[in-house]
Each structure stands twice: as structure tokens, then as C-alpha cells.
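The values are calculated or read from the model by the stated rules, or taken from the named source; none is laboratory data. Computed from a prediction, not measured in an experiment: that's the story for all the values here. Ideal geometry is used to build each Cβ from the backbone, glycine not excepted, and the neighbour counts take in all protein chains shown.
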Amino acid sequence: MSDQGARDRNERARHEEIDAARREFLRNIAAASVVSLGGGMMLYTMGGEAFAKKPGDPLDPRKRWGMLIDTSKCTSGCEKCVEACKKENGWEAEPGSQTDVQWIRKVDVKDPKTGFMASLPVMCQHCANPPCVDVCPTGASMQRADGIVKVNMHICIGCRYCMMACPYKARSFVHEEIPEENKRFHAPMGKGCVTSCDLCAHRVDAGQIPACAEACPEGAMLFGDLNDPGSELRKRLKEIRSYQIRADLGTDTGIRYTRLP
Amino acid sequence: MRAFGKWASAIMAVCVGVLLATTVARAGDIGPKIPIDKSKGSCVLPGDQMRREHMKILKHRRDKTMYQGIRGGKRSLSACLSCHMVKDEKTGKPLTVASPKHFCRVCHDYAAVKVDCWECHKSVPEEAGGQALLKDGAGLKDSKFAQLMKYVQGGRK
């Protein structure tokens, strides 16, 4: 009997050993597949709740950054957003200049038939189907996975094709060298390159909102994630009829306006 | 003959010794010395490796920032500038690349290699921004990836 018991014990010990080896093997496979999937993929599948991006983390491809601009709150003549952008990104346009760099401008529009008027800030509209990216011969005009459209100046050759293609006149050419004291660390601007609004990517990457949205005294610019149904932006878009500039072009802009003539 | 061989080998040994001694002594002071603030820790790679590979590191990082939005941390340009910054002796302000004492120019002037970085990029660290990013980037240890790895390897001490 005791002999039988000892045999059982041995059997059990042997099985436990095998089980342990199997567990180890599965664990290794899991670890290896996680490593090979890479950080971004893992975040995509595992990240349940929305999380604020730290500067050292890669961007979240599930997001699509956008903005709703309440034109009823925007007054003609107020240029606070433009000033904030100039200060943040270090571009300075001479008054009335046709050639200087311009990331954002205020436009007053009027319907000639009804006389309805609106004042609105116009910058890069961060299209889902950006024509500027389509035409770029070098791949410098690019769209980040989170929807931000910008210029990779390291490979821009300054052909200005994108400026021609953009229906919103959002891009401008850097004609002159930016003096050292006007340069911004996060927004380098090269003479001979095309530049445009990048939705303050450096701020968004650090979990902040763009400088223009922060500066608006009326809170007319609401920044957020267009893909997240729970976001403040999406809730507002659900309540209010919003418009895209030249929606007929099918660019699917990320910047939307509440009232347009 | 045997005596001559002995002498010859002795002379050879002395010659080789002197040669070795001079090269070893000179290896340290060949080329200019890059200014670095050692109180902020060591550079990302040893000096001789940085001399050969710094442009590869910068280019790799550049693409990560452009396409993936990865900013800050030890391999960022702002970290390079904050550790290698040279201050003006009179005003105490960081020197721009216009000065030959700027850490990039110290070496690039010596090697006669032109750098284009500073035609667009700011050559001195931004007062607050860069430092804040550096601090946040250092907290990468408790990222989601690290958490998941911990979960997968759970139970194995």
C-alpha cells in the first residue's frame, strides 16, 4: 500500500514538473509575441480607457484630433488666437504682408444675398483626405496617425506643390531666415521650406491643448478627439449642427465651425 | 650574431614601447574637448562612439518625433543642448551657434564639417519647455508597455 502511495507521489511530482515547464513555455511565447508586436500595437489592443499621452510615449492611432470653432462667439477684429500662435510658434508676419509665414488668420465672411456675416479663424483644417499630402513629391507633407497634418521639413524641398493643392490656403513658404531670437525650440522653420499649422503637435504630445484654443477669451475653440464618442468635442458636435469649409470637396476636415454663411 | 639579435630586439622593444606610450597618451587629447555638464549624468553613449554615431542617433530620433510624436528624454535634441550648453562668461547666457565655443562648433570647426541643423533649429535650450520634457520622458519606466510586461511575467520572481 505504502509502495502504491510512493508511486502516486512520484507520478504527481512528475506531472507538476511537466506543467511548470508548459507554463514557462506559454509565458515565453506570450512575452515574445508582445515584444514582436511592439509598443504601438500593444497600446492599441490593451489600452482600454483613454489615457493622456506622456511626451515619451508614441502617439495613439485611435485618436483623431479636431476642433469645433463657435463662430457666434468669435468677434470681428479680435486676433487673440493669431497672436497666441505667433508667440507659441515664432512666426511674425508684417502687417499686410503677402509673403510672410502664416499659420492662422482671421477671416470675415459675408453672404451677399442675405448680408449674414461671420468672423472666423482659418488655419490648416487637418483633413482626413488631405490634398497637400497627395501631391507632395517627397513625402514631406504628411499626416500623423492621430490625424494631424504637417510638413516634415527635414525632407521638404520647397516645391510649393502643397500650397497650390490646399483649398484653404493654409500653407505658406518660408522666404527668409528666422532670426535666432525668434526661433522656437519645438517649431523649427527652415528658409526654403513650406510650413503650416500642426495643431501645436508639441503641446498635444505633452497632453496639452493648442495655443490658439487656450488663448481664446470666449472659449470659442473646443479642441478634442473626434473619434472618442465620450469626448467633450463629440458631445458638443452631437448637440450642434456643424459645418466644414468647402465640405463639397470631400476633404473631411478636422476643424469644424458652428455657423458659416 | 646572437648578441646582435638580442640588441636589435631590445631596441625594437624600446621603440614599440615609446610608440605605444605616445599613442596612448595622445589618444585622450586628440581633437577638441566637447564641453559637458557631468552633474547631469553621462552621455547616452561613450565619447568615441558618440563621435562616430551621434548623427545616426539624431536622425533616428528625428523620425520618431515626426511620425510618432515621441518627445523629450535623454536622446532628444533638447537634452543634448541642456547638458552640452556653454554659457557666456560675461553675461551668463547660453551661447548660440554663432559663437565658436558652441559645443557643436568646437568639433565641427576642427573637422571642417558643415552642419545644417541650426539653420532652422534653435541652438540654445528653451528655458522651461526642454527641462519639463526631460523630466517627464524619464518616467517611461511605468509606461503601459512596462505594466504589460510585468503582468505577463507575473508570478516569476
Tally, over region A:83-105, of residues that are surrounded by 16 or more Cβ atoms within 10 Å (Cβ to Cβ) and either at pLDDT 95 or above or in contact with a helix residue (DSSP H, G or I) (Cβ under 7 Å, 6 or more places away or on another chain) (or both): 7
In region B:71-96, the residues that are assigned to a loop (DSSP other than H, G, I, E, B) and within 13 Å of chain A (Cβ to nearest Cβ): B:R71, B:G72, B:G73, B:K74, B:R75, B:S76, B:M85, B:K93, B:L95, B:T96
Candidates A:P112, A:P167, A:P121, filtered to the one that is surrounded by fewer than 20 Cβ atoms within 10 Å (Cβ to Cβ) and within 21 Å of A:G254 (Cβ to Cβ): A:P167
Residue within region A:165-175 that is under 22 Å from the mean Cα position of the chain (by Cα) and either over 27 Å from A:V107 (Cα atoms) or not assigned by TED's automatic domain parsing to the domain that holds A:A211 (or both) present: no
Test for A:K150: is it out of contact with any strand residue (DSSP E or B) (no Cβ under 9 Å at 6 or more places or on another chain), surrounded by 13 or more Cβ atoms within 10 Å (Cβ to Cβ) and either among the polar types (S, T, N, Q) or in contact (Cβ under 8 Å) with a residue 24 or more places away in the chain (or both): no
Region A:224-261, subset in a loop (DSSP other than H, G, I, E, B), of a type in the set (A, V, I, L, M) and under 19 Å from the mean Cα position of the chain (by Cα), residue nearest to A:A118 (Cα to Cα): A:I245
All positions within region B:46-70 that are in a helix (DSSP H, G or I) and within 14 Å of chain A (Cβ to nearest Cβ): B:M55, B:L58, B:K59, B:H60, B:R61, B:R62, B:D63, B:K64, B:T65, B:M66, B:Y67, B:Q68
Residue match in region A:187-195 (condition: polar (S, T, N, Q), in contact (Cβ under 8 Å) with a residue 60 or more places away in the chain, under 25 Å from A:C74 (Cα atoms) and surrounded by 21 or more Cβ atoms within 10 Å (Cβ to Cβ)): no
Residues of region A:172-185 satisfying the condition of being closer than 19 Å to B:P94 by Cα, in contact (Cβ under 8 Å) with a residue 12 or more places away in the chain and more than 9 Å from every other protein chain (Cβ to nearest Cβ): A:N182
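To keep it simple, each residue is scored yes or no on (1) at pLDDT below 95; (2) basic (K, R); (3) more than 26 Å from A:L120 (Cα to Cα).
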residue: A:R160; (1), (2), (3): no, yes, no
residue: A:G190; (1), (2), (3): yes, no, yes
residue: A:S196; (1), (2), (3): no, no, no
residue: A:C212; (1), (2), (3): no, no, no
Pick from region A:214-245, criterion of a type in the set (G, A, S) and surrounded by fewer than 16 Cβ atoms within 10 Å (Cβ to Cβ), ranking: farthest from A:L120 (Cα to Cα): A:G230
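One line per residue, one yes/no per condition, for (1) touching a Cys at 6+ places or on another chain (Cβ under 6 Å); (2) within 12 Å of chain B (Cβ to nearest Cβ):
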position: A:F116; (1), (2): no, no
position: A:M153; (1), (2): yes, yes
position: A:M163; (1), (2): no, no
position: A:A170; (1), (2): yes, no
position: A:A187; (1), (2): no, yes
position: A:I209; (1), (2): no, no
position: A:C216; (1), (2): yes, no
Count of residues meeting criterion [among the acidic types (D, E) and surrounded by 18 or more Cβ atoms within 10 Å (Cβ to Cβ)] in region A:130-147: 1
Test result for A:A170, under 19 Å from B:Y67 (Cβ atoms) and among the aliphatic types (A, V, I, L, M): no
Residue check for A:T195: over 20 Å from A:R62 (Cβ atoms) and of a type in the set (S, T, N, Q): yes
